[in-house]
1. Have a look at R34, R97, R62 and point out the one that is more than 23 Å from the chain's Cα centre (by Cα) and in the same structural domain as Y167 (by TED's automatic domain parsing).
2. Identify, from the list L162, L171, the residue that is open to solvent by 20 Å² or more (accessible area, probe 1.4 Å), in contact with a strand residue (DSSP E or B) (Cβ under 6 Å, 6 or more places away or on another chain) and either touching a residue at least 24 places away in the same chain (Cβ under 8 Å) or assigned to a helix (DSSP H, G or I) (or both).
3. From the list G417, G422, G391, G413, exactly one residue is in a loop (DSSP other than H, G, I, E, B), out of contact with any strand residue (DSSP E or B) (no Cβ under 6 Å at 6 or more places or on another chain) and on the phi > 0 side of the Ramachandran plot. Which is it?
4. Report yes if some residue within segment 210-226 is modelled with pLDDT of 95 or more, more than 8 Å from the ligand (Cβ to nearest atom), surrounded by 24 or more Cβ atoms within 10 Å (Cβ to Cβ) and closer than 30 Å to F389 by Cβ; otherwise report no.
5. Within the bounds of segment 234-249, is there any residue that is more than 9 Å from the ligand (Cβ to nearest atom), over 22 Å from P419 (Cα atoms), assigned by TED's automatic domain parsing to the domain that holds E372 and polar (S, T, N, Q)?
6. Of all residues in segment 318-342 being among the aliphatic types (A, V, I, L, M) and in a strand (DSSP E or B), which is surrounded by the most Cβ atoms within 10 Å (Cβ to Cβ)?
7. Within segment 40-52, identify whether any single residue is closer than 27 Å to D197 by Cβ and in contact with a strand residue (DSSP E or B) (Cβ under 9 Å, 6 or more places away or on another chain), and answer yes or no.
8. Could you run through segment 207-244 and say how many residues are of a type in the set (G, A, S) and either in contact (Cβ under 8 Å) with a residue 60 or more places away in the chain or on the phi > 0 side of the Ramachandran plot (or both)?
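The values are calculated or read from the model by the stated rules, or taken from the named source; none is laboratory data. Bear in mind the structure is a predicted one, so any value in this text is a computation, not a measurement. Backbone-built Cβ (ideal geometry, glycine too); neighbour counts: all protein chains shown. The protein model used for the area step is the full one, side chains on, heavy atoms only, and it has no ligands, DNA or RNA in it. Shrake-Rupley method; radii C 1.70, N 1.55, O 1.52, S 1.80 Å.
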Amino acid sequence: MTTLESFNPATGALVGEVPVTPSDEIPVIVARSRAAQRAWQELGVDRRGDLLCRASEAMVSRAEKLGKLLTEEMGKPLAEAIGEIKSCGEGIAEHMREVTEATAPEVIEDGRTRSTIYHDPYGVCAAITPWNFPFAMPHWMVLPALATGNTVVLKPSEETPLIAQAYVDLLNEVLPPDVLLAVHGADDQGKVLVQSDVDLIAFTGSRETGKHIMAAASTDLKRIILELGGKDPLVVLEDADLATAAKFAANSSFRNAGQVCVSTERIYVPRSVSEKFVDLLVQETAKMKLGSGLEDGTRVGPMINARQRDHVLAQIDEAVSKGAKVVAGGEGHRDNFVVPTVLTDVTHDMSIGRDETFGPVACVTVVDDEDEAVRLANDTPFGLGAVVFGGERAAEAARRLTAGMIGINKSCGGAEGTPWVGARQSGYSFHSSKDGHRNFTQTRVVSMNA
Ligand code: ADP
């Protein structure tokens, strides 16, 4: 049997391996999942919630141990890895409360007809997930799918199979058999899973793979939820608190080495304050200690692999060849590590101004006014997150941005209970929130005479 080896991106050391699931076994696994689904649905949302909440405690109490595995396998700073796991565990109870509300039958009467709206599970959900939040990304798809009564076959990223398997094992301590199963491998396993007898595909990953999945799902109109990449802008207005904006820009550009779908990838600053803003950004960048995620004080870990590093370095080189200036970082890269870099004079003629970077690069473009900033911020096929820093005019500028999630003087993440939603080519359907949970269900209406 072939195995999938998982390497530490900081050292190149082998962390462990899992067996690759042979393609012809995938339909058999999906059939097991389907056989388990009816009983799982019939348990009802309260019992399902009881079981899932039991996993919550295990996630929190094992966060340190699992966090170490996550960092070894993926590279992010240990504290962030532990935080990722804890936050998943801590959120389950609230999540279940939302799912209960979202799936409660609703009665509507018009005097002649009495109808009940139900939100039933689709059946079997294929969850296909990436490596950048290798515990949280599976969780964000698996939890609502299970909570609403679907069974799940998870195919995690081939870069991070070990922490994903640990996630599956942990949940399987509390779940009935076959309710959550895993398939390991790369694109081939993903393709076979998409084409198999599943009802819903919940995917987080690149726009290109999202398009393949949408096309493959169209043959029998499978339901899809696609959470794709972005090219998130940060618009700084003239009256912004520049120190706070620069701190945000550095954190949001360099967190997880920029390997976050809502990383700040483009920064638009008015000419009048650009010099001051860039100075502050460079100062913040100097605080971003590069190193192994297991070393104390590391703020920025390695890229996930050499391919991703080469992509980032090639974008920087192309930008410089077209006139961008390196004002911080830009050299001293080694192995999979890319030094946090600040570029100015970035334009949309450069790949780094248009295409997803997913690396620790802050790209600054000077603009004449708010209109130009908004026009450039919206000049992208993507539409995941966007952020505006500013005073009085910030709220109005925010409403002119065409992303799905927009933050004012903060990250784009919304309050508890709001959706995670990408506009345009950053997503199709969405998850989280009452409406998001319903996207894991089939709406049905049963009517009778009143
Ligand atoms: P990333 O590079 O961020 O991991 P990808 O979109 O390449 O993003 O991969 C996300 C997930 O999709 C991974 O689990 C990967 O193995 C899987 N995958 C890649 N190609 C396909 C495909 N054609 N069909 C289904 N799954 C795929």
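1. When all the criteria are applied, what remains is R34.
2. L162 is the lone residue from the list that is open to solvent by 20 Å² or more (accessible area, probe 1.4 Å), in contact with a strand residue (DSSP E or B) (Cβ under 6 Å, 6 or more places away or on another chain) and either touching a residue at least 24 places away in the same chain (Cβ under 8 Å) or assigned to a helix (DSSP H, G or I) (or both).
3. G417
4. Yes; the residues of segment 210-226 include at least one that is modelled with pLDDT of 95 or more, more than 8 Å from the ligand (Cβ to nearest atom), surrounded by 24 or more Cβ atoms within 10 Å (Cβ to Cβ) and closer than 30 Å to F389 by Cβ.
5. Yes; the residues of segment 234-249 include at least one that is more than 9 Å from the ligand (Cβ to nearest atom), over 22 Å from P419 (Cα atoms), assigned by TED's automatic domain parsing to the domain that holds E372 and polar (S, T, N, Q).
6. In this case the residue turns out to be V342.
7. Yes: segment 40-52 contains one or more residues that are closer than 27 Å to D197 by Cβ and in contact with a strand residue (DSSP E or B) (Cβ under 9 Å, 6 or more places away or on another chain).
8. 4
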